[in-house]
Amino acid sequence: MAEIGRRAVLAASGAALAPFAARAQSAADFRFEDIAGGPLPLSRFAGRPLLVVNTASFCGFTRQYEGLQALHERLSPRGLVVLGVPSNDFGQESERAATIKDFCEATFGVAFPMAAPEHVTGARAHPFFAWAARQGGGPPRWNFHKYLVSRDGQRVRGFPSAVEPDAPELTRAIEAALG
């Protein structure tokens, strides 16, 4: 499907998915589109803690990709899943998934899973982000807001953009989620 057509279908379905987000029992109930195409169901990561981050390629926090990749390399063998979800809600991201993917891989060596671009705030927010905000993470106020989801997929803790991937408060929370 052409990128514009795909985005129109996703935008139109956002309102229809809002009731689903309200009924969701865990993070595993949600699904994204993979940045390379195809489905990216969070059920694939059931039983593992998730660090879901709304990302952007042209932002003052973009350098956090490096720290996210380091977390992925260090902690994925212990179960942590880092998931990047690009968003242009704050006006600092390309609209094209292929451009974002190429940038992340070439500039930061990103090897953790990435979703196709999504809305993360407001009425058009992807249902996961609406759910995570209600579960205790609060809505993203800017790019690189982080949601740490527990192994059971039910508890969510939010970390604002300024909290770096290697910040003690985030690393302690990740260690507790892995324990």
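The values are calculated or read from the model by the stated rules, or taken from the named source; none is laboratory data. Treat the numbers as computed from the prediction; the structure is a model and nothing was measured. A quick note on method: Cβ atoms are made from the backbone with ideal geometry, for glycine too, and the neighbour counts reach across all protein chains shown. The accessibility values were calculated without ligands, DNA or RNA, using every heavy atom of the protein model including side chains. Shrake-Rupley method; radii C 1.70, N 1.55, O 1.52, S 1.80 Å.
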- Search the structure for amide H atoms under 5 Å from the amide H of Arg31, placed 1.01 Å from N in the peptide plane, and list their residues when 5 or more places away or on another chain. Leu42
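Quick one: grab the alpha carbon gyration tensor of segment 37-179, order the square roots of its eigenvalues as a ≥ b ≥ c, and give me rounded if a/c is under 1.5, else prolate or oblate depending on whether a/b is larger than b/c.
On the way: a/c = 1.38, a/b = 1.19, b/c = 1.16.
It is rounded, given that a/c, with a ≥ b ≥ c, falls under 1.5.
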- Message: Once ligands and nucleic acids are excluded and a 1.4 Å probe is used, how much of Arg96 is accessible, expressed in Å² to the nearest 10?
- Response: 140 Å²
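Rounded, prolate or oblate: which one fits segment 109-166, using the alpha carbon gyration tensor with axes a ≥ b ≥ c (rounded when a/c is under 1.5, else prolate when a/b beats b/c, else oblate)? List each step's numbers first, then the result.
Numbers: a/c = 1.28, a/b = 1.11, b/c = 1.16.
Judged from the Cα gyration tensor, segment 109-166 comes out rounded (a/c under 1.5).
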- Query: When the Karplus curve 6.51 cos²θ - 1.76 cosθ + 1.60 is applied with θ = phi - 60°, which whole-Hz ³J(HN,Hα) does each residue of segment 30-47 get, with x for Gly and Pro?
  - Reply: 9, 9, 10, 9, 5, 4, 8, x, x, x, 9, x, 5, 4, 4, 10, 3, x
- Measure off, as a whole percent, the carbon and sulfur share of the 1.4 Å-probe accessible area of segment 35-179, all protein chains present. 53 percent
- For Thr55, the residues 5 or more places away or on another chain with a placed amide H closer than 5 Å to its own amide H are Val85, Ser87, Phe144
- Where labels lie 7 Å past Cα in the beta-carbon direction, separation of Asp152 and Asp34 in nm: 3.1 nm
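Give the accessible surface of the chain per residue, rounded to a whole number of Å², with probe radius 1.4 Å and ligands, DNA and RNA excluded.
Working: 8150 Å² over 179 residues.
Counting only protein heavy atoms, the per-residue value for the chain is 46 Å².
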